[in-house]
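S.K.: Quick one: the structure is below, and I'll ask about it shortly.
The values are calculated or read from the model by the stated rules, or taken from the named source; none is laboratory data. This is a predicted model, so every value here is computed, not measured. With ideal geometry, Cβ positions are generated from the backbone for all residues, glycine too; neighbour counts draw on all protein chains shown.
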Amino acid sequence: MNFYEKEPVSLYLSDLEILEKLSTKQQQIILCKHPFLGIVLIINGEVQHIEKYQCPYHELLVHLPASFIQNPRKALIIGGGSLFAAYEILKYPSIESVILCDHDAKVLEIMEKYYVHARCVMSDPRFQFIESDGLEFIKHCNDKYDLIINDCFNLLNISVEKHFPIYLKLKQLLTPSGLCSDIIYRHIFEGEITNDSIKEIKKYSDIVLSLVTIPEYPGILHIETIWGNNINLSQTCKHVINEYQKAIIKGESNPFDFFSPDNLPFYLYIPPYIKNKITI
C-alpha cells in the first residue's frame, strides 16, 4: 500500500503493510507498518502518528509546557487516542490524574493491542478515559487542570466556524499556574492561519512559541503555542521551573528520549527566518 494525504504539501509513504483496517461510527481507521518508520496510524485519510517520528512531537507537546509548572497534578488531553501524550504526562511523579477525552474508544483498543506504552497507560490508576465529543466535553467541563494538551482540534477553526471562544474556555479550565499546549496543524508557510491563531490567543493570555519539526504533518515545520495563567511563562526563560525536570538535570534518571530539560532556551529560540513568517 502507498499513501499520501491530499494536501498541497504532504508526506508520501510507500510499501505499507496494513495491520488493521476498520470503520467505526465516528471514523475510518487504518493501522499500517512501514519498513523502517514503524507503525503508522491513519484516520480519515490523515496521518495521526508515525512510530519513529512521534517522540519529538509528543515530548515537546507535553514536556515543554510542563517545564513552566512546578508540580503539575491534574492534566486533560483532548484527543490523543494514540496515548503517547498520556504516557509522557504520567512520567511525572506529581501527577495524580490524567483525563483523556476522545470520541472513539476503538483507537485506544487498537493502540493497546500493538503498543507497550498504551498498555502501560491503560493500566495506570491515574489514567481515566472519557469517550465523548471533545468540544461538547469542553463546553460542559467545570474542573480545573494544571496542564491541558490539545491533540485533536484545529482550535482556530473551532473558534471561527463554531463561533465559540475555545481559547478563552480552555484558559478558564486552568488552575492559577496552569497552561495549555497546542501545535498548529498548518505549516508556517500558511502564515495567515498561524498568525491568526497567535492573535486569538493573545486576546486572553501571554504566549510562548516553539518551532517544531513534524514530518507527518503537512509542511513539516510547525509552531507550538503555550499559553494560560502561569506567571512563569516567558519566551526568554532560561531555566525550568518543574521540580521533576530539575531533578533530572541534577542527575536523576532521564525518562525522556528527545526533550532535554537543561536546554530550555534551545526550544524557545525562534530563528529570524521563522520570525519573518509569523507574528510574535
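S.K.: Any idea which of (1) touching an Asp or Glu at 6+ places or on another chain (Cβ under 7 Å); (2) surrounded by 15 or more Cβ atoms within 10 Å (Cβ to Cβ); (3) free of Cβ contacts under 8 Å to residues at least 60 places away in the same chain; (4) not small (Gly, Ala, Ser) is the one PRO35 doesn't satisfy?
M.R.: Tallying (1) touching an Asp or Glu at 6+ places or on another chain (Cβ under 7 Å); (2) surrounded by 15 or more Cβ atoms within 10 Å (Cβ to Cβ); (3) free of Cβ contacts under 8 Å to residues at least 60 places away in the same chain; (4) not small (Gly, Ala, Ser), PRO35 fails exactly one: (2).
S.K.: In addition: Return yes when LYS21 is in a loop (DSSP other than H, G, I, E, B) and outside the structural domain of PRO93 (by TED's automatic domain parsing) and no when it is not.
M.R.: no
S.K.: Among the candidates ALA105, ALA118, which residue alone is hydrophobic (A, V, I, L, M, F, W, C) and surrounded by 21 or more Cβ atoms within 10 Å (Cβ to Cβ)? Don't jump to the end; show me each part of the working.
M.R.: Values: ALA105 fails: surrounded by 21 or more Cβ atoms within 10 Å (Cβ to Cβ).
None of the other options fit; the residue is ALA118.
S.K.: Could you list, in sequence order, the residues of the range 40-74 that are among the acidic types (Asp, Glu) and either surrounded by fewer than 19 Cβ atoms within 10 Å (Cβ to Cβ) or not assigned by TED's automatic domain parsing to the domain that holds ALA85 (or both)? Give the steps one after another, and end with the answer.
M.R.: Of the residues in the range 40-74, the ones among the acidic types (Asp, Glu) are 46, 51, 59.
Residues satisfying the conditions are GLU46, GLU51.
S.K.: Taking the range 141-153 as the search range and keeping residues that are modelled with pLDDT of 95 or more and not aromatic (Phe, Trp, Tyr), which one is surrounded by the fewest Cβ atoms within 10 Å (Cβ to Cβ)?
M.R.: Step one: filter the range 141-153 for residues modelled with pLDDT of 95 or more, giving 141, 143-150.
Applying the additional criterion that residues be not aromatic (Phe, Trp, Tyr) yields 141, 143-144, 146-150.
Numbers: CYS141: 18, ASP143: 10, LYS144: 15, ASP146: 29, LEU147: 29, ILE148: 24, ILE149: 28, ASN150: 24.
Among those residues, the one meeting the criterion is ASP143.
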